[in-house]
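J.: Sharing a structure here in structure tokens format.
The values are calculated or read from the model by the stated rules, or taken from the named source; none is laboratory data. Not measured: the values here are computed from a predicted model. So basically every Cβ, Gly included, is an ideal-geometry build from the backbone, and we count neighbours across all protein chains shown. Note: areas computed on protein heavy atoms with side chains; ligands, DNA, RNA excluded. Shrake-Rupley method; radii C 1.70, N 1.55, O 1.52, S 1.80 Å.
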Amino acid sequence: MTSFPGTFADDVVDQSAQAQFEAFIDEHRRALNDSLDGLTEEQARRSLVPSRTTLLGLVKHAAFVEKVWFDEAVTCRSRAEIGIPATPDESFILDDGDTIASVQRAHREACEASRVATSSLGLDDVLRGNRRGPLPLRWVYLHVLRELAQHCGHAEILREQILSEQRG
């Protein structure tokens, strides 16, 4: 079984709710990004399910998620203005130029931009740029955490399958 980094939840137990949300989100961001570590380009692109889901595609999609929730929702810019796909499904599509290094870098940069975009906001501040309508940052954090946790689970299973074939 693949092992993702241990939790640091104990480090934030006495901090504010916002610091706790941010720590848990960062933990999942890191785990998803790190799921590509040690793989070959072919392994990272390997399709093991009928959908477009690959390990490299998951991390690319996670960068899209960051931009939807912490750029589009915060700045009210359109996806076209931001330069991201119109739909989540399209965000899994890999280009020839997508490599482990480039996708990990783009994801890390998107995460840092997200941290900057929310640094002056409080949990009850309302984000107005999402298609669902106005949403408090607290709800957005919970939604992003749920999505990242789901994708970390996908990544762990895909990585386990890829590495077991390598050994087998």
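J.: Return the residue satisfying two criteria in turn: it lies in region 53-83 and is aliphatic (A, V, I, L, M) and touching a Leu at 6+ places or on another chain (Cβ under 7 Å), and of such residues it is farthest from Leu158 (Cα to Cα).
T.: Here the residue is Val74.
J.: State which residue is most open to solvent (accessible area, probe 1.4 Å) when the search covers only region 149-159 and only residues that are without any contact (Cβ under 8 Å) to a residue 24 or more places away in the chain and not hydrophobic (A, V, I, L, M, F, W, C).
T.: Gln150
J.: If the requirement is being outside any loop (DSSP other than H, G, I, E, B) and either in contact with a helix residue (DSSP H, G or I) (Cβ under 6 Å, 6 or more places away or on another chain) or hydroxyl-bearing (Ser, Thr, Tyr) (or both), which of these qualifies: Ala63, Ala86, Ala80?
T.: When all the criteria are applied, what remains is Ala63.
J.: Please determine, by comparing only the residues of region 1-48 that are modelled with pLDDT under 90 and assigned to a helix (DSSP H, G or I), which one is most open to solvent (accessible area, probe 1.4 Å).
T.: Asp10
J.: State whether the residues of region 131-150 include one that is under 22 Å from Glu41 (Cβ atoms) and within 13 Å of the chain's Cα centre (by Cα).
T.: No; the residues of region 131-150 include none that is under 22 Å from Glu41 (Cβ atoms) and within 13 Å of the chain's Cα centre (by Cα).
J.: While we're looking at this one, here's another question. Across region 102-148, what is the number of residues that are small (Gly, Ala, Ser), under 16 Å from Leu58 (Cβ atoms) and open to solvent by 20 Å² or more (accessible area, probe 1.4 Å)?
T.: Qualifying residue count, region 102-148: 2.
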